[in-house]
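Here the structure comes first, spelled out in structure tokens, and everything after it is commentary.
The values are calculated or read from the model by the stated rules, or taken from the named source; none is laboratory data. Note that the coordinates shown come from a computational prediction; the quantities given were computed from them, not determined experimentally. Cβ atoms come from the backbone with ideal geometry, glycine included; neighbour counts cover every protein chain shown. Calculation scope for accessible area: heavy atoms of the full protein, side chains included, ligands and nucleic acids excluded. Shrake-Rupley method; radii C 1.70, N 1.55, O 1.52, S 1.80 Å.
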Amino acid sequence: MRRYTKPAVVVTALGALSLAVFGSGAADAASTVGGNTGSGPSPRITAESPSWHHGISQVNKRIMQRYTSEFLPGRDPALARKFVSPDIVVHFGGQTWQGRDTYLGIVAANLKAFPDLKWTVEDMRAEGDTVAIRYSMTGTHKGPFAGVEATGKAIRSESMTFYRLPHGKIVEERAQLDMLGILRQMGAIPAA
């Protein structure tokens, strides 16, 4: 394997390989990831090195930062095409759903239940093709949710979601939401 030793060549090679590996979905995100512009010595970066995996993680983290700041607030289906694979697989509550249209249906149902739904990123970690995000969620229960008709109550909950982005788009989501806490806040289950 060819090893690069000049900083400009390393950054260019890493950027080109990142875009080739992740496809067009990573192009916008990669353009916002900073590189080393110092004049000091540059470490050697190869596909097998920890630096390479760190670079992929940082590209994926940047994509998810954009997903949470651009798609989640407005829920624009056109933006979903930018971030979500047509073949996404979603795991939640012991069930599995597949496809971007199904994913958008879940998003729409959540917005019907909580029209003022707001997701706030509390923590984000990335390793390889996986990004983990800890969210807090707030909203007012104004539509059917989990079999419970609208109560008008303000809800606050937390969730943890793992996203896989092997090619610059979300292909898998594994989510855990505090459903017990939400149901208690809605009054569907008595508080302990």
Practice problem: May I ask you to list the residues in the stretch 138-165 that are over 24 Å from Ser85 (Cα atoms), of a type in the set (A, V, I, L, M), open to solvent by less than 70 Å² (accessible area, probe 1.4 Å) and modelled with pLDDT of 95 or more? | Solution: Val148, Ala150, Ile155
Exercise. Being assigned to a helix (DSSP H, G or I), open to solvent by 60 Å² or more (accessible area, probe 1.4 Å) and free of Cβ contacts under 8 Å to residues at least 40 places away in the same chain is the filter; apply it to the stretch 76-90 and report the residue that is nearest to His167 (Cα to Cα).
Key: Arg81
Self-check item: 1 or more residues without any contact (Cβ under 8 Å) to a residue 12 or more places away in the chain: qualifying strands (runs of 3 or more DSSP E) within the stretch 94-142
Solution: 95-98, 118-127
Exercise. Output the qualifying pairs, or none if there are none: Cβ atoms under 8 angstrom, residues six or more apart or on different chains, first residue in the stretch 64-75 and closer than 14 Å to Arg125 by Cα, second residue open to solvent by less than 20 Å² (accessible area, probe 1.4 Å) and of a type in the set (Val, Ile, Thr).
Key: Met64/Val131; Met64/Ile133; Thr68/Ile133
Practice problem: Scan the stretch 166-177 residue by residue and report those that are surrounded by fewer than 17 Cβ atoms within 10 Å (Cβ to Cβ) and assigned to a loop (DSSP other than H, G, I, E, B). | Solution: His167
